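Reading through the structure tokens given below for one structure.
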Amino acid sequence: SETVKRAYVVGVTGGIGSGKSTVCRVFSERHGIVVIDADQVAREVVEPGTPALAAIVASFGPQVVGDDGRLDRARLRGIVFADPARRGELEAITHPAIRAGMRAHVEAVSDAYCMLGIPLLAEGGRNELIDRVLVVDCPEALQMERVRARDHLTEAEVAAIMRTQASREARLRIADDVVVNDGDTASLAGRVDELHNMYLQLAAAKA
């Protein structure tokens with residue numbers, strides 16, 4: 001039972017290059033919906049002066065902080081990449097901080113609903129903040145093409161990233177709703193409008 005009355009939360013996910021941010025932008029531009037980005041929250045919770053950064057330094061040593069006082073992500077990544085146990089240690093610090101950060105952002109929303117962009121929702125299990133899951137889907141060949149163009153990667157590099165993510169089937173299994181983002185902007189806008197009206201109804205029913 002939640003003491004704070006909060007906005008209805010639609011969790012948005014999709015594979016790399018599926019166009020999650022494009023879909024979120026359409027919700028935001030057409031309907032003024034607040035979009036909370038989990039990656040952005042993950043950066044906020046380790047800013048200088050945060051408890052999470054202090055805990056990371058206590059666990060991993062001062063060498064993970066650069067001269068500017070900020071987290072040296074590359075160095076930290078190097079440490080945890082080499083050792084799965086250390087990755088667990090890092091996640092034990094960052095995951096609760098990110099969840100608390102997302103909750104604080106959600107509780108600050110005064111609208112009927114908001115969107116929470118979580119890149120690896122299918123991989124990390126359902127988050128208790130989320131009322132409904134929207135999966136942004138597109139054909140894998142298009143996904144590949146977009147990421148290659150955007151990040152200047154080879155086909156093999158993109159394929160390697162895609163292999164570390166949940167399969168398209170696994171993502172679609174957790175979906176309550178799906179937006180096919182295959183580049184047809186008119187049908188994308190129409191689908192967003194349709195979902196927006198439904199989310200307003202769901203939010204009203206929950207409230």
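The values are calculated or read from the model by the stated rules, or taken from the named source; none is laboratory data. Note that the structure is predicted; figures quoted are calculated from it, not measured. Using ideal geometry, Cβ is built from the backbone for each residue, glycine included, and neighbour counts are taken over all protein chains shown. Heads up: the accessible areas ignore ligands, DNA and RNA and are worked out on the full protein's heavy atoms, side chains in. Shrake-Rupley method; radii C 1.70, N 1.55, O 1.52, S 1.80 Å.
Taking the chain as a Gaussian network of alpha-carbon nodes connected by springs under 10 Å, the highest mean-square fluctuation of the residues PHE27, PHE81, PHE60 belongs to PHE81.
Distant-in-sequence amide contacts of TYR113, defined by a placed amide H-H separation under 5 Å and a gap of 5 or more residues or a different chain, comprise TYR8.
Using the 1.4 Å probe convention, the accessible area of the stretch 84-132 works out to 50 Å² per residue with neighbouring protein chains retained. Only protein heavy atoms count here; on that basis, with a 1.4 Å probe, ASP39 has an accessible area of about 70 Å².
Within the accessible area of the chain, what % is carbon and sulfur when the probe is 1.4 Å and the other protein chains stay in place?
On the way: 5850 of 11070 Å².
On the chain, the fraction of accessible area on carbon and sulfur atoms equals 53 percent.
In the neighborhood of HIS31, defined by Cβ-to-Cβ distances under 14 Å, what is the net charge if each Lys or Arg adds +1 and each Asp or Glu adds -1?
Working: positive: ARG25, ARG30, ARG191; negative: GLU29, ASP111, ASP193, GLU194.
Taking every Cβ under 14 Å from that of HIS31, the sum is -1.
Take every DSSP beta bridge with both residues inside the stretch 1-119 and express the antiparallel ones as a percent of the total, to the nearest 5.
In the stretch 1-119, approximately 10 percent of DSSP beta bridges are antiparallel ones.
Rolling a 1.4 Å probe over the protein chains gives SER21 an accessible area of about 80 Å².
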